[in-house]
Amino acid sequence: YNHANIFLDLMSALNFDYSKNGWKFVLPTESQWEFACRAGSSSAYSWGDSIDVGNANYDQNNKPHTAVGLYEPNHWGFHDIHGNVAEFETDWPSSYSGSPKMDPTGPQSGTRRMFRGGSWRSTKEQLRSADRMLVLPQYTLNYVGFRLALKKITESPRDLNSTSVLAFHENQPVGTVIGEFN
């Protein structure tokens, strides 16, 4: 988890076009990961309720694949979301509440981090879309990786009603800052 976030910070810094437009590379939240994994399904796996070695890389195969896309993608085009390597999420763990939520996030602190999707070392049950696993963030495990997500970190202004006069001097040199929105 810690190493993944160092990588994501470097990716954001190196991809200036994304960052100057208000985007940052991040780990998905647990709910975002499950939403992408399920791809509109409600079954145990994105493709249905049963699994075999033709669907994903898990304990039957017992070694990681370095190539992506050896198995069919889910309905939204995500490859290897079940198996091969489990994937870190940004959330600290919490219990699910009984009421539906829209894009919930976990608590602000904790001791372990979530990872999902199962790996080449996992049982088929651990590859289920709903299965949740925990690990200390400083651990480095050869069966846990991560999936990149992009997050909008700046918001466009919603209330454009001015609280002050928006006046400026004309005919200023090119590059002169004439004002800013806060």
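The values are calculated or read from the model by the stated rules, or taken from the named source; none is laboratory data. As the structure is a computational prediction, the values presented were derived from the model and not from experiment. Glycine also receives a Cβ, built like all others from the backbone with ideal geometry; neighbour counts cover every protein chain displayed. Surface accessibility is based on the protein's heavy atoms, side chains included, excluding ligands, DNA and RNA. Shrake-Rupley method; radii C 1.70, N 1.55, O 1.52, S 1.80 Å.
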So if I check each of T154, T140, which one is farther than 17 Å from A36 by Cα, open to solvent by 80 Å² or more (accessible area, probe 1.4 Å), out of contact with any Asp or Glu (no Cβ under 8 Å at 6 or more places or on another chain) and touching a residue at least 60 places away in the same chain (Cβ under 8 Å)? T140
Condition first: farther than 30 Å from D52 by Cα, at pLDDT 80 or above and open to solvent by 90 Å² or more (accessible area, probe 1.4 Å). Can you find one or more residues in the range 117-136 that meet it? no
Looking at the range 36-55, I want the residues that are over 10 Å from R128 (Cα atoms) and have a partner that is part of a strand (DSSP E or B) with Cβ atoms under 7 Å, at least 6 apart or on another chain. Which pairs are those? N55/Y45
So if I check each of E72, E30, which one is out of contact with any helix residue (DSSP H, G or I) (no Cβ under 9 Å at 6 or more places or on another chain) and touching a residue at least 60 places away in the same chain (Cβ under 8 Å)? E30
Within the range 6-18, is even one residue among the small types (G, A, S) and either touching a residue at least 40 places away in the same chain (Cβ under 8 Å) or touching a Leu at 6+ places or on another chain (Cβ under 8 Å) (or both)? no
Neighbours by Cβ (under 9 Å, 6+ apart or cross-chain): first from the range 94-113, more than 13 Å from E30 (Cβ to Cβ); second part of a loop (DSSP other than H, G, I, E, B): S97/P104; Q108/W92; S109/W92; T111/W92; T111/L136; T111/P137
